[in-house]
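First up is the structure itself, then whatever we jot down about it.
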Amino acid sequence: GIDEFCTDEQFSQYCDAGQVRVLYVNETESLGPAMARYYASKLWGGEQFFMQADSHLQFAVDWDKQYVEEVKAASSYPKAVLSSYPPGFEGFHGGGTPGAKRCSVGF
């Protein structure tokens, strides 16, 4: 959980800098995944990049650098939106798989 993450020597710097924000919702007050994504979007604090991910994802090494490179390469940057359907954990042995990317749309 977040306590474990924020007390980990490797990651505590992000919590200490206010870069990790959490919203807890009791399951009896939950209104479904679409509303949860909306609430999560309200945690945006003006950062240049905003990303939402499911809690059960496993990230590749240097995923953040790859993400920034890809979003900057989009013809609609800086108003680009990247969306994908990530691969499952099975078969993920360090190299990973790219997952399925969604279609391209211009704004």
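Label points 7 Å out from Cα along the Cβ direction at A34 and Q10: separation in nm?
3.8 nm
Please work out how much length the chain gains when fully extended from F49 to L23, using 0.36 nm per residue of separation minus the C-alpha to C-alpha distance, in nm with one decimal. If you can, show how the numbers build up before the last one.
Working: separation 26, 0.36 × 26 = 9.36 nm, distance 1.91 nm.
The F49-L23 span can extend by a further 7.4 nm.
Packing-wise, with mean Cβ within 10 Å as the measure, how do 50-57, 27-34 rank, highest first?
On the way: 50-57: 9.4, 27-34: 7.9.
Output ranking for 50-57, 27-34: 50-57, 27-34.
Over the Cα atoms of the range 1-42, how large are the radius of gyration and the largest Cα-Cα distance (Dmax), in Å?
Using the Cα atoms of the range 1-42, the pair Rg, Dmax is 12.8, 35 Å.
In whole percent, and with a 1.4 Å probe on the protein chains, what portion of the accessible area of the range 1-49 is carbon and sulfur? Walk me through the intermediate numbers first.
Values: 2200 of 4270 Å².
Carbon and sulfur: 52 percent of the exposed surface of the range 1-49.
The values are calculated or read from the model by the stated rules, or taken from the named source; none is laboratory data. Worth saying up front: this structure is predicted, and the values here are computed from it rather than measured. Neighbour counts run over all protein chains shown; Cβ positions are idealised from the backbone, glycine included. We work out accessible area using only protein heavy atoms, side chains counted, and drop any ligands, DNA or RNA first. Shrake-Rupley method; radii C 1.70, N 1.55, O 1.52, S 1.80 Å.
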